[in-house]
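Only one structure is covered here, and it is reproduced in the block below.
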Amino acid sequence: MRPIEVSHLAKAFGATQAVTDVSFEVERGEVFGLLGPNGAGKTTTIRLILDIFRPDCGTVVILDGPMTEQKKNRIGYMPEERGLYQDVTLEHCLIYLATLKGLSTAEARRRLAVYLERFDLAAHKTKRVKELSKGMQQKAQIISTILHGPELLIIDEPFAGLDPVNTQLVKDLLRELREQGTAIIMSTHQMQQVEELCNRIVLIDHGRNVLYGNLADIRRRYAGDALLVQTPGALPTLAGVTQIAPHNGAVKLTLAQGVSPQDVLTQLVAQRVPVERFEIAVPTLDEIFIRTVSENAAA
């Protein structure tokens, strides 16, 4: 069984329909992207998965069945809003939260020492949490979420407040957990991190799925009729090319309808143009996100 199977979830709060129809599945050993614009229903979906809210209709199968109190110790959840106790020391706070997830104090202390060193927080463990910087608190929140060794990890904006060095630390950690078989749902607006970490995504807008599947397949589907070409000199006139624009050291060619990349390559070869780079222009996830949400708004 998959760690999470969500089927046709819906939830309203009075007259506000927060989630209309959301379905997806998450596999073991994957980072799954839960994406959408502000107000799309992502947070409500997460709370429905965790049994914080009960759905009006639809089902959630989590770790082979319905949510139970025992299963909560097998799950790590990091909301976007920090949930650390501010007036106690970092070490005391994280150990206490780990014991709530079933670890003994001794085991929590042992595991914590490793993570504090890894995240460069060991020298700050006796400081009160409110004395830590925003980035330090974010790292502490991440440690709190994973310290008990969850099978399922749900993280909301894990890179908020982190500099590039600590962002890389967190990405490396998520990759390690994925390799160990942890199922990870990541909700974020940082599309670059999604492209680096996620194999599959679901994009929610106005409470329903608008895009779901393998990220590489989705990017190919949205590739359209454009090429990236790089040559030592200027490009000659090419039949079937409607637009030429510079693009990160190369040239982006937009093709007329019915013109294939092979047609363009044949022309370049025939004119003996040295080609250093020739590839389909695959859109970024940012571009796909904007296009999909815009099309959904216009529908």
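Here are some conditions: (1) more than 20 Å from I201 (Cα to Cα); (2) touching a residue at least 24 places away in the same chain (Cβ under 8 Å); (3) buried (at least 17 other Cβ atoms within 10 Å of the Cβ). V251 meets all but one. Which one does it not meet?
Only one criterion is unmet by V251, namely (2).
Out of (1) at positive phi; (2) assigned by TED's automatic domain parsing to the domain that holds T44; (3) outside any strand (DSSP E or B), the odd one out for R272 is which?
Answer for R272: the failing condition is (2).
Applying the selection to the stretch 135-157, what residues are part of a loop (DSSP other than H, G, I, E, B), at pLDDT 95 or above and in contact with a Ser or Thr (Cβ under 8 Å, 6 or more places away or on another chain)? Walk me through it before giving the result.
To start, the set of residues in the stretch 135-157 that are part of a loop (DSSP other than H, G, I, E, B) comprises 147-151, 157.
Filter once more, keeping what is at pLDDT 95 or above: 147-151.
P150, E151, listed by residue number.
Regarding the stretch 248-259, can at least one residue be identified that is modelled with pLDDT of 90 or more and touching a Phe, Trp or Tyr at 6+ places or on another chain (Cβ under 7 Å)?
Checked the stretch 248-259: no residue is modelled with pLDDT of 90 or more and touching a Phe, Trp or Tyr at 6+ places or on another chain (Cβ under 7 Å).
So is G213 part of a strand (DSSP E or B) and on the phi > 0 side of the Ramachandran plot or not? Break it down stepwise before answering.
Numbers: part of a strand (DSSP E or B): yes; on the phi > 0 side of the Ramachandran plot: yes.
Considered against the rule, which asks whether it is part of a strand (DSSP E or B) and on the phi > 0 side of the Ramachandran plot, G213 comes out as yes.
Kindly list the number of the only condition in (1) surrounded by 19 or more Cβ atoms within 10 Å (Cβ to Cβ); (2) under 30 Å from V275 (Cα atoms); (3) of a type in the set (G, A, S) that fails for A216.
For A216, the failing item is (1).
Name the pairs: first residue in the stretch 103-117 and among the aliphatic types (A, V, I, L, M), second residue buried (at least 19 other Cβ atoms within 10 Å of the Cβ) and not in a helix (DSSP H, G or I), Cβ to Cβ under 9 Å, at least 6 apart or on different chains?
Taking only residues 6 or more apart or on different chains, the pairs are L103/L147; L103/H148; A108/L147; A108/H148; L112/L147.
Could you pull out the residue among Q243, Q257 that is within 30 Å of S294 (Cα to Cα), touching a Leu at 6+ places or on another chain (Cβ under 9 Å) and surrounded by fewer than 14 Cβ atoms within 10 Å (Cβ to Cβ)?
On the way: Q257 fails: touching a Leu at 6+ places or on another chain (Cβ under 9 Å).
Sole residue among the options that is within 30 Å of S294 (Cα to Cα), touching a Leu at 6+ places or on another chain (Cβ under 9 Å) and surrounded by fewer than 14 Cβ atoms within 10 Å (Cβ to Cβ): Q243.
Among the residues of the stretch 1-57, what is the count of those that are touching a Pro at 6+ places or on another chain (Cβ under 7 Å) and within 13 Å of D156 (Cβ to Cβ)?
0
Go through the stretch 162-183 and count every residue that is surrounded by fewer than 14 Cβ atoms within 10 Å (Cβ to Cβ) and either over 15 Å from E27 (Cβ atoms) or not small (G, A, S) (or both). Step through it out loud before you land on a result.
From the stretch 162-183, those surrounded by fewer than 14 Cβ atoms within 10 Å (Cβ to Cβ) are 163-165, 168, 172, 176, 179-181; that's our starting set.
Applying the additional criterion that residues be either over 15 Å from E27 (Cβ atoms) or not small (G, A, S) (or both) yields 163-165, 168, 172, 176, 179-180.
Counting residues in the stretch 162-183 that are surrounded by fewer than 14 Cβ atoms within 10 Å (Cβ to Cβ) and either over 15 Å from E27 (Cβ atoms) or not small (G, A, S) (or both) gives 8.
Looking at G149, G224, can you tell me which residue is crowded, with 16+ Cβ neighbours inside 10 Å, small (G, A, S) and over 15 Å from the mean Cα position of the chain (by Cα)? I'd like the intermediate steps shown before the answer.
Working: G224 fails: crowded, with 16+ Cβ neighbours inside 10 Å.
G149 is the lone residue from the list that is crowded, with 16+ Cβ neighbours inside 10 Å, small (G, A, S) and over 15 Å from the mean Cα position of the chain (by Cα).
How many residues are charged (D, E, K, R) and closer than 26 Å to I288 by Cα when one looks only at the stretch 29-60? Lay out the reasoning, then the answer.
In the first step, residues of the stretch 29-60 are kept if they are charged (D, E, K, R); the result is 30, 42, 47, 51, 54, 56.
Add one more test, that the residue is closer than 26 Å to I288 by Cα, and what stays is 30, 42.
Result for the stretch 29-60: 2.
Here's a check for you: in the stretch 267-299, which residue that is among the β-branched types (V, I, T) and free of Cβ contacts under 8 Å to residues at least 24 places away in the same chain is surrounded by the fewest Cβ atoms within 10 Å (Cβ to Cβ)? Write out each step before concluding.
Going through the stretch 267-299, the residues among the β-branched types (V, I, T) turn out to be 269, 273, 275, 280, 282, 284, 288, 290, 292-293.
Adding the requirement that they be free of Cβ contacts under 8 Å to residues at least 24 places away in the same chain leaves 269, 290.
Numbers: V269: 10, I290: 14.
By that ranking, first place goes to V269.
The values are calculated or read from the model by the stated rules, or taken from the named source; none is laboratory data. Since this is a predicted model, take the numbers as computed values, not measurements. For neighbour counting, all protein chains shown are included, and Cβ atoms are generated from backbone atoms with ideal geometry for every residue, glycine included.
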